[in-house]
1. Within the stretch 47-77, what residues put their amide N at less than 17 Å from the label point 7 Å along the Cα-to-Cβ vector of R364?
2. How large is ³J(HN,Hα) for each residue in the stretch 117-122, as worked out from phi by the Karplus curve 6.51 cos²θ - 1.76 cosθ + 1.60 (θ = phi - 60°), to whole Hz, x for Gly and Pro?
3. Starting from the Cα-Cα distance between D217 and A200, subtract it from 0.36 nm times their residue separation and give me the gain in nm to one decimal.
4. If I fit a long axis through the Cα atoms of helix 15-25 and take the longest principal axis of the Cα atoms of the chain, what angle between them do I get, 0 to 90°, rounded to 10?
5. For the stretch 125-360, report the accessible area per residue in Å² (1.4 Å probe, heavy atoms, rounded to an integer).
6. If amide hydrogens are placed 1.01 Å from N in the peptide plane, which non-local residues have theirs closer than 5 Å to the one on E208?
7. Please report the carbon-and-sulfur percent of the accessible area for the chain; probe 1.4 Å, protein heavy atoms only, DNA, RNA and ligands left out.
8. Taking one equal scatterer on every alpha-carbon of the stretch 125-360, how large is log10 of I(q)/I(0) by Debye at q = 0.08 1/Å?
Amino acid sequence: MPQFDGLTIPSVATLQEALRRMLASGEEALILVGEDGEPLREITERAVRRMRIAGFSDETPLSALPPGALARVGAAEPPEAAQKAMAAANLRLAAVVDARGRVASVVRRDRRDEPILLSPPHVGGEEEELALHAFDTNWIAPLGPNVERFEKDIAASLGVKAALALSSGSAALHLSMALLGVKPGDLVFCSSFTFIASVAPALYQWAEPVFIDSEPDSWNMSPAALERAFAAAAREGRKPRAVIVANLYGQSADYDPILEICAAHGVPVVEDAAESLGADYKGRRSGSIGAFGVVSFNGNKIITTSGGGALVSDDVEAIARARFLSTQARDPAPHYQHSVYGYNYRMSNILAGVGVGQLRLLERRVEQRRRVFAFYEAALGGLDGLSFMPEAPFGRSNRWLSTMTLDPRRTGGVAAADLMAALTAAKIESRPLWKPMHRQPVFEGRGYFGHGDNESVCDGLFEQGLCLPSGTALTEAQLERVVDVIRKTLRR
Ligand SMILES: Cc1ncc(COP(=O)(O)O)c(C=O)c1O
């Protein structure tokens with residue numbers, strides 16, 4: 001039987017063969033073809049995995065699949081007919097049949113006009129299968145086995161002694177502040193170039209944030225600025241209760257000098273690794289380096305539980321204390337008794353099941369994000385005035401978002417905002433880089449320390465930078481679409 005670029009599969013092939021074919025080729029769907037060459041239905045990875053979940057063995061022939069939707073057009077019909085049929089049934093492929101009703105060719109859905117999103121969740125067949133298995137287990141043992149397993153898996157993945165699965169990364173950051181005894185009026189030094197979620201948890205304790213600039217090599221916290229902030233605080237006879245360092249866009253900050261400075265002052269470091277799960281710093285996993293590490297499983301992150309996060313540490317007792325605080329701080333008593341107040345911050349058992357499945361895919365997702373970045377870099381890297389976020393020599397980024405800056409003095413006047421407008425017009429989502437915290441109206445008047453005496457690195461990044469679509473499910477054709485718009489806008 002002709003294979004039409006591998007887009008058809010005979011109904012005598014097995015579930016396992018279909019999965020292998022789709023995973024190896026990256027095809028999202030195939031047309032199932034009967035013994036006489038007639039098209040039967042479209043099959044997807046998800047449809048095949050659902051059969052396995054329902055108990056069918058890997059050796060089951062595809063003919064056991066229930067009837068499914070099919071886009072089918074005659075060879076004499078115009079090309080739009082196939083596109084219309086696919087759009088009407090929301091299918092990915094259309095079978096073009098000859099006069100005898102046999103597959104003559106297969107047409108792919110034209111996705112050229114579909115919007116391209118920045119970083120959509122990528123929860124596919126394998127995660128769904130794992131999550132549903134985990135869901136099944138819940139019915140047998142509803143005491144939270146997924147949460148326990150997820151925590152063990154997170155700790156093993158990061159190489160730390162303990163992990164606590166929580167409802168968000170923000171919750172994890174807040175618990176870290178509570179554990180470190182941050183009180184009203186305490187100073188907390190924070191990265192300025194970050195999302196507000198890095199900083200807000202210090203405010204939940206009524207602390208006073210002081211913002212620290214980035215350094216140009218990693219775009220993360222500048223040790224030079226941090227040193228100056230410590231010196232200025234010391235002149236007032238003060239020191240911070242904690243330093244929160246954000247690892248942005250998938251890249252670790254340079255922790256050796258940061259830890260050295262903080263250790264000299266006896267101040268603990270909280271590592272906000274919400275965006276850098278799966279990245280490394282000098283061979284150590286991002287998130288495992290500070291006194292506490294925080295990761296996020298929010299929907300836009302490299303792996304997701306739709307919403308969630310974790311607090312990790314080698315301090316097993318501190319994590320036990322955080323577990324107590326995260327479940328309303330209930331004293332060990334037969335009745336409800338509280339000597340302190342806590343929070344309702346635990347992750348649900350069902351979401352932890354999704355997390356177990358997603359975490360298994362972390363390395364693959366890192367590779368996919370890095371491939372997206374490599375594509376942009378190969379296509380656009382040489383263009384004058386366009387620079388990508390550097391990968392500092394001390395680590396390996398997960399390239400959560402592919403980010404770049406445009407210098408209008410060298411791009412013929414094209415600024416990041418112009419490029420964003422052109423991308424939006426082409427239905428491609430992009431975003432500015434984080435607006436620094438020291439420039440946020442809510443933090444007006446707070447302290448800020450730049451990388452140099454008269455040099456603010458993160459202000460320049462904000463003014464010139466943007467984030468490109470970076471989802472792990474992006475196809476080469478979609479990446480080419482993005483590159484095309486950028487080249488045209490820069491007239492290169
Ligand atoms: C740098 C940074 N810190 C913290 C968070 C907070 O994580 P969550 O959304 O899980 O609360 C996020 C993401 O949302 C983030 O990007």
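1. 47-53
2. Along the stretch 117-122, the couplings run 9, 5, 7, x, x, 10 Hz.
3. 3.5 nm
4. For 15-25 against the chain, the angle is about 60 degrees.
5. Each residue of the stretch 125-360 exposes 38 Å² on average to a 1.4 Å probe.
6. G185, D186, L187, V188
7. 53 percent
8. Taking Cα atoms of the stretch 125-360 as identical point scatterers yields -0.29.
The values are calculated or read from the model by the stated rules, or taken from the named source; none is laboratory data. Only a predicted model underlies this, so the values are computations on that prediction, with no experimental measurement involved. Cβ sites come from the backbone with ideal geometry, for glycine too, and all protein chains shown count toward neighbours. Accessible surface is based on the protein model in full, side chains and every heavy atom, while ligands, DNA and RNA are left aside. Shrake-Rupley method; radii C 1.70, N 1.55, O 1.52, S 1.80 Å.
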